Amino acid sequence: MAYSPAYVAWQLSYPGRVRARAVLATDGDEPVGFAGSTPRRVWLAGEPREVHIVSFVAVRPAWQGKGLSGQLYAMLLAGLREAGVTVVTFAQPDSAGERSLLRAYEEAQFVVRSLAPHLVYGYRPAGVSSTRRSREIEPTALLECLRPAADGGVLWWAPDEREATHLRTDPRRRTALLVEDDQGRTVAGATAVEQDLVTRDGATKGAALETVYLAEPKPEDLRGLCDAVTRLQERPSGAVTAASLSTLTPDLIRAAGLRRLPAGFTAYLCTASGFGAIAHVRATNLPLV
């Protein structure tokens, strides 16, 4: 993915009890490294909480291999630790970035536990599309799906009115969706977002399915969400990617018509104050940031 300055600024202005944090490294007047965190309201076992997603960790090539990412992490995590923030973060498995991440959190005296991985799937409509109906909604209406889906071992994204207002200002096109069955019952919900992608053939746009909720584990409801996202695109036949499916089983995902892509990320839950009430968390539907 490619992050525009407007998108990073939007993430760093996300509303929360503890405001977003950012650390910038410079060589003279030249920016050479960056790291940041952005807050999210989540729901766990019937209670609202706030976590920060740590992301945007980057060092320009000429300054890599000099310990700069560790310094960025150290400064960022020191502030989050002082504020008592629980962190969710993502890393590509067995990468240098993951090794740097784990070392930095240990040095910052965070306890780190892995959650269900965020594997990346692709979907392209084939044959007869889903019979499920979909409609655009305010993000707070996603809680209609959350209540029946509220597995106590999952950190569910649970936007409030402040977040809903902020989501409307996303520089990328972002839409919240509900899917209904033929009797008008809400069976699924998610957000869809336009993405800027960098491929071998150059820059392009795509659509991502994020923050998925299913009232019941039914493949046809997940397929209904994917079909709804394809209809939102400028090219309705375009492919959809989905990485926030760690609350669903691989069999259900395959039965819905999605296929595994090579990419994937390990999700981590990190705390400096002990896991306590969050010790049983095993997954999250928070998006990759």
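Please treat every number below as a calculation from the coordinates, not as lab data. The shown structure was predicted, so the numbers you read here are calculated from the model rather than taken from an experiment. FYI the Cβ positions are ideal-geometry reconstructions off the backbone, even for glycines, and counts take in every protein chain you see.
Taking 16 Å as the cut-off, the amide N atoms of the stretch 15-35 that come nearer than this to a point 7 Å along the Cα-to-beta-carbon line of TRP63 belong to 22-35. Mean-square fluctuations from a GNM of the chain, with a 10 angstrom spring cutoff on Cα atoms, peak among THR38, THR169, THR230 at THR169.
Phi angles of the stretch 26-40 translate, via the Karplus equation with coefficients 6.51, -1.76, 1.60 and θ = phi - 60°, into HN-Hα couplings of 10, 10, x, 9, 9, x, 10, x, 7, 8, x, 9, 9, x, 9 Hz per residue; Gly and Pro are given as x.
Give me LEU222, LEU44, LEU245 sorted ascending by neighbouring Cβ count inside 10 Å, so fewest comes first.
LEU44, LEU245, LEU222
For the chain, hydrophobic long helices are taken as DSSP H runs at least 15 Å long by C-alpha position along their axis with mean Kyte-Doolittle hydropathy of -1.0 or more; these are 68-82, 96-107, 219-232. Springs between alpha-carbon pairs under 10 angstrom, Gaussian network model over the chain: which of ARG172, ARG60, ARG223 fluctuates most? Residue with maximal mean-square fluctuation among ARG172, ARG60, ARG223: ARG60. Calculated mean residue ellipticity at 222 nm for the chain: -7000 deg cm²/dmol, from DSSP H runs with n ≥ 4 weighted as -39500 (n - 2.57), summed, divided by the residue count and rounded to 500. Label separation (ALA255 vs ARG17): 3.9 nm, computed from points 7 Å beyond Cα along the C-beta direction. Amide H contacts of VAL57 (H built 1.01 Å from N, in plane; Pro and chain starts excluded): GLY36 sit under 5 Å, all sequence-distant by 5 or more or on other chains. Summarising the label geometry, the points placed 7 Å from Cα in the beta-carbon direction at THR140 and GLU47 lie 2.3 nm from one another.
Relative contact order for the chain: 24 percent, from Cα pairs under 8 Å spaced at least 6 residues apart, divided by residue count.
Out of every Cα-Cα pair that the chain contains, those further apart than 29 angstrom amount to 33 percent.
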